[in-house]
1. Only one residue in A:95, A:60 is farther than 24 Å from residue A:125 by Cα and not in a helix (DSSP H, G or I), so which one is that?
2. In region A:115-136, what residues are assigned to a loop (DSSP other than H, G, I, E, B) and in contact with a strand residue (DSSP E or B) (Cβ under 8 Å, 6 or more places away or on another chain)?
3. Output the number of the condition that residue B:71 fails; it satisfies all remaining conditions of (1) surrounded by 22 or more Cβ atoms within 10 Å (Cβ to Cβ); (2) modelled with pLDDT under 95.
4. For residue B:148, state whether it is crowded, with 20+ Cβ neighbours inside 10 Å, closer than 22 Å to residue B:206 by Cα and hydrophobic (A, V, I, L, M, F, W, C).
5. Taking region A:74-97 as the search range and keeping residues that are within 21 Å of residue A:145 (Cβ to Cβ) and at pLDDT 95 or above, which one is surrounded by the fewest Cβ atoms within 10 Å (Cβ to Cβ)?
6. Return the residues of region B:140-194 that are out of contact with any Pro (no Cβ under 9 Å at 6 or more places or on another chain), in a loop (DSSP other than H, G, I, E, B) and more than 8 Å from chain A (Cβ to nearest Cβ); say none if nothing qualifies.
7. Filter region A:36-51 down to residues that are free of Cβ contacts under 8 Å to residues at least 24 places away in the same chain and not in a loop (DSSP other than H, G, I, E, B) and give me whichever is farthest from residue A:89 (Cα to Cα).
8. Which of the residues that make up region B:235-251 are free of Cβ contacts under 8 Å to residues at least 60 places away in the same chain and either within 7 Å of chain A (Cβ to nearest Cβ) or more than 27 Å from residue A:119 (Cα to Cα) (or both)?
Number of protein chains: 2
Amino acid sequence: MKFKIAILGTGNVAWHLAPALEEAGHTITEVYGRSEKNIKGITQKLYTAESKTDLDFTESIAEIFIIAVSDDAISEISDEIILPEDSILLHTSGSVSIEALGYSSATYTGIFYPLQSFSKDREISFGEVPFLLESEDQTTLQKLKKLAKSLSHLQYVVKSKDRKALHVAAVFASNFSNHMIRLSEEIMARQGLDFEMLKPLIIETLSKSLELGAKKAQTGPAKREDLNTLEAHHQFLNYNEQIAEIYRLISQDIIDSI
Amino acid sequence: MKFKIAILGTGNVAWHLAPALEEAGHTITEVYGRSEKNIKGITQKLYTAESKTDLDFTESIAEIFIIAVSDDAISEISDEIILPEDSILLHTSGSVSIEALGYSSATYTGIFYPLQSFSKDREISFGEVPFLLESEDQTTLQKLKKLAKSLSHLQYVVKSKDRKALHVAAVFASNFSNHMIRLSEEIMARQGLDFEMLKPLIIETLSKSLELGAKKAQTGPAKREDLNTLEAHHQFLNYNEQIAEIYRLISQDIIDSI
């Protein structure tokens, strides 16, 4: 099943998603953005997509409209877009409810959330990206499954409430684990040490974590309840109260969850 | 340069290190442990090593003695071991100072710290393990470099003070990032969601982090200073005060370091 799709947005998700959809055999009819210049960055990677800077899509031949913009701009576009009859309006956000599309002129609404971190300068292999889908309309949900399946072998139907919980979990697993690496980089730099030394350890720990589960993979002074080392580390970090407190609190939580 | 080496300890480091040293052409003369059973787990992987449950090594032909035991047992073994003349006594710990070997009968002391997380049930490719070396004696340090080089292409000379800082950095990069994944697993499990969904995101984020540096790789609500989402997530976590506080504190630190 091939679809005619309009893309609304010119950010990282639109940048990767539009060409991937075209490659999967769908037709990208239009790309909407605030400026021609932003739109062109995407349309030049596509065959036939037209540029659009207004939200009147009454003449569009698309049946699926994908909003791929920042979270706080979703409801604005949803409220303003003028859609043809029987069209499906989707957004791609992990943290915005399906209700944000509730006041639109769309006949059907849904979520088409690729659970991955997108940057313009990094290739994404969509085949490995989990797509989280939601729609109150069963026919629409079937179409979303087919659309996702054309890109990836991982599809999950997840309701807005669960998607919200998942987003919190993703912040811990992705943003916060990345910030732990950031703090580590800073400690090394402050001491004049080469961060490269720590990379094999990070790779091994996190491979182990994803393979065995993080509880089994845990090691270190908090896991061993080695209070002398914990105290020495806490002392070492007293040049930055906030980081010392992060050290104390996470160590305590590791101890509590042994 | 091939060495005759005695291994003191039967834990994870000894388990991996002894066979790797033998494979690199060195001779393991003895393995010391508290019980024959523990020792046998290692000696059965070796050609000629003898078992030893006492610390009198006056008759040993080894010139290098590597203490690979838990941190708090290092100084005890160091104090009690009776060594032949001109021998080198090393330990393999990231967090214990070289001074812990100061009261031993060794002529030379040093650190031979493989910066990696070892588990008995996981193979380690030593070629990629950074070895952190230290000795006050230059000849000993040259021998340590040769010994490390026979196992790995990564050797660094790091003084005890810097090694201590590095250990704090390693706790953040390895133990704490792993704990963030643990908390994420728990949020998913609590909501009845499949943690598999998050794995591609984790792999991509951390690959990006190691490639570009964690500052550039950061994304998410704190990085965007999206206070509405931060507040909603904090509310969501109010079933566990400590985890909610971890969320608040790390988010604040991300905001402070933008």
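1. Selected residue: A:60, the only one of A:95, A:60 that is farther than 24 Å from residue A:125 by Cα and not in a helix (DSSP H, G or I).
2. A:115, A:129, A:130, A:135, A:136 - these are the residues of region A:115-136 that are assigned to a loop (DSSP other than H, G, I, E, B) and in contact with a strand residue (DSSP E or B) (Cβ under 8 Å, 6 or more places away or on another chain).
3. (1)
4. In short, no.
5. That would be A:86.
6. Passing the criteria: B:150, B:153, B:159.
7. Only one residue tops the list, namely A:37.
8. Selection gives B:235, B:236, B:237, B:238, B:239, B:240, B:241, B:242, B:244, B:245, B:249, B:250.
The values are calculated or read from the model by the stated rules, or taken from the named source; none is laboratory data. Since the model is a prediction, treat every value here as computed from it, not as a measurement. Ideal geometry is used to build each Cβ from the backbone, glycine not excepted, and the neighbour counts take in all protein chains shown.
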